[in-house]
Amino acid sequence: MEHDIDLSGYSIRTDLAVEAHELARQHNESDIPGVWLQADDSEPGIMVTRLHVQTEEAGKKLGKLPGRYLTIEVPKLRNNDTSVEEQVIRRFAVEFGGFLKELGITEEHKALVVGLGNWNVTPDALGPMVVENLLVTRHLYQIAPETVGDGYRPVSALSPGVLGITGIETSEIVFGVVEKSKPDFVICVDALASRALHRVNTTIQISDTGIHPGSGVGNKRKAIDQETLGIPVIAIGVPTVVFASTIVNDAITYLLGHFGQSMAESNRAFNRLSMSTLPERKEPYTEEDLPDMESRKTFMGLVGSLPEEEKRQLIHEVLRPLGQDLIVTPKEVDDFIEGVSNVVATGLNRSLHRAVDEENSAAYTH
């Protein structure tokens, strides 16, 4: 749709590479040169997406740094189901172990795990809670090396807090610790922001491009990456918040999707098809689930007929000047953060220490 309003300044950002790729594809009918993507849904209930941004030009189109991004999406993860969590732990451990091998990191390399975030704010406490459940061993190698058996590696951990608590940039704290303790690689764990409701509390992202503390809520901070630290930096993130504009946009899409499926069901019923053959309601709705353009205009007026990205930007443009584009998290975030931090910590323990497996990993977490 043609208009004279410049909405580029109101684009809604995301920390997830798969969402950045989806957004970029909306503006490119063909595949984006320099971007390799592979989706794997071979395991029921889990979608793993591998995205490799191979060039600087491709990175600019996506708004992401060149590197590898791996996303694990599990819709049932937000249900706090222990069997689902164990399934995710197994897959996360395997995928993260493969990530280490791709970077040339062996069992002898020393690790520093940094839990980013504010432990006083529940949606931002993922990093510190992961650190609490890690198996740290570096001190044992220094004071009692004879007590360390085979299958372990030196692992240290740190929760540096945030600038508002310490008065020190997080990157400065991490740089100082790296300089003194000399790990071979760093793992940063942080909470992220998503541009889709269905990915909040259901997604884990792993990348080798480092991390920008506070970027999820629009705070500009110095990067923690290989360029600044001089060693590989692997970032692990889970989206725990969305912007209010995202909720409004997705609510409109869900309404249109509901109307579209209801119309389709009515047509099937009219044709005397068995109701047992009707598809289940799903999330998220795709373009095929929505009604035709005329019906959208009937239901939602002009807003209903706007392309997806223009609709997002328009809502953002309305809410931001009023100070109403709030950062929102689900009410069950307390239970979720506790559960997903255990998932990430247990997966890391299994990946970093060969001696930790499915049988004994519970002994190393709280």
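The values are calculated or read from the model by the stated rules, or taken from the named source; none is laboratory data. These numbers were taken from a predicted model, which means no experiment stands behind them. Glycine gets a Cβ as well: all are built from the backbone with ideal geometry, and neighbour counts include every protein chain shown.
Remarks
- TYR285 being surrounded by 15 or more Cβ atoms within 10 Å (Cβ to Cβ) and modelled with pLDDT under 75: yes
- Residue tally, condition of a type outside the set (A, V, I, L, M), assigned to a helix (DSSP H, G or I) and not assigned by TED's automatic domain parsing to the domain that holds ASN80, over region 305-360: 11
- Any hit, region 139-154, residues being among the β-branched types (Val, Ile, Thr) and within 20 Å of the chain's Cα centre (by Cα): no
- In region 63-80, the residues that are hydroxyl-bearing (Ser, Thr, Tyr) reach residues that are in a loop (DSSP other than H, G, I, E, B) and surrounded by fewer than 22 Cβ atoms within 10 Å (Cβ to Cβ) with C-beta atoms within less than 8 angstrom, at least six apart or across chains, in these pairs: TYR69/THR209.
- Test result for LEU112, crowded, with 22+ Cβ neighbours inside 10 Å, part of a loop (DSSP other than H, G, I, E, B) and among the hydrophobic types (A, V, I, L, M, F, W, C): no
- Residues in region 163-170 include at least one that is buried (at least 21 other Cβ atoms within 10 Å of the Cβ) and modelled with pLDDT of 90 or more.
- Which numbered condition GLN38 misses (of (1) out of contact with any strand residue (DSSP E or B) (no Cβ under 8 Å at 6 or more places or on another chain); (2) loosely packed, with under 15 Cβ neighbours inside 10 Å): (1)
- Selection from region 55-69 of residues that are assigned to a loop (DSSP other than H, G, I, E, B) and in contact with a helix residue (DSSP H, G or I) (Cβ under 7 Å, 6 or more places away or on another chain): GLY63, LYS64, LEU65, PRO66
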